[in-house]
Each structure stands twice: as C-alpha cells, then as structure tokens.
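The values are calculated or read from the model by the stated rules, or taken from the named source; none is laboratory data. These numbers were taken from a predicted model, which means no experiment stands behind them. A quick note on method: Cβ atoms are made from the backbone with ideal geometry, for glycine too, and the neighbour counts reach across all protein chains shown. For accessibility, only protein heavy atoms count, side chains too; no ligands or nucleic acids. Shrake-Rupley method; radii C 1.70, N 1.55, O 1.52, S 1.80 Å.
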Amino acid sequence: MNSQVLSDTQIEKAVAGLNVGWTHIPGEGLVRVFETENFADGLALTNQIGKVVLQLKHEPEVILRMDEVDITTFTPAAGGITQKDIDLAKAVDEIT
C-alpha cells in the first residue's frame, strides 16, 4: 500500500468521491462523525469499523460517545493523509 502523503488537491478529489459525511481537516486527517440512536448502536458500529480497521491494518482514532461515533484517519508514519486513509474511508462507507 502506498504510504506517500497526498497533496491537498489529491485529498480533496478523493474526499469528493467519498460519502458526504467525510471532511478533510488539514493537520488532523479525514474525519467523519456518525450519529447513533443510542450507546448500543454506537458500540455495534464501532465494532464494525474495528473489523475493517484490522483487515486493512490501519490505526485510526475511533471515539465512541453516548450517541455518536467519531473516526479520524491519518498516517502518522508518513506525516499526513495517504492512500491508506482514503482506502479506509471507502471501506467504512461500504459498511455504513
């Protein structure tokens, strides 16, 4: 998998092809917030995301709150957003 940092133009083009919920926050990564009905639904979604993360061997930040799940993906070893982050976002879109 390519670990080269993507340019802002490449990132914006990739985000345009993702679910509308994804946002590029420069310096932080790709971010998406899922609203859930309750904690149990959020936990179930977190577990689904976790399975995808393990399959792709990536390490995003996933935060479970009472009625939402936040995911931020960034590749620290590369120092920015890489194709690996885009691939993770696409995979998360497929399960949601």
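Observations on the model:
- The single condition among (1) open to solvent by 50 Å² or more (accessible area, probe 1.4 Å); (2) more than 22 Å from Gly17 (Cβ to Cβ); (3) under 14 Å from the mean Cα position of the chain (by Cα) that Ala77 does not meet is (3).
- The single residue among Leu54, Leu45, Leu88 that is over 11 Å from the mean Cα position of the chain (by Cα), open to solvent by less than 60 Å² (accessible area, probe 1.4 Å) and on the phi < 0 side of the Ramachandran plot turns out to be Leu45.
- Candidate set: segment 14-42, residues that are of a type in the set (A, V, I, L, M, F, W, C) and open to solvent by 70 Å² or more (accessible area, probe 1.4 Å); chosen: the one nearest to Glu59 (Cα to Cα): Val33
- Given (1) under 13 Å from the mean Cα position of the chain (by Cα); (2) farther than 24 Å from Gln10 by Cβ; (3) surrounded by fewer than 16 Cβ atoms within 10 Å (Cβ to Cβ), index of the condition Val69 fails: (3)
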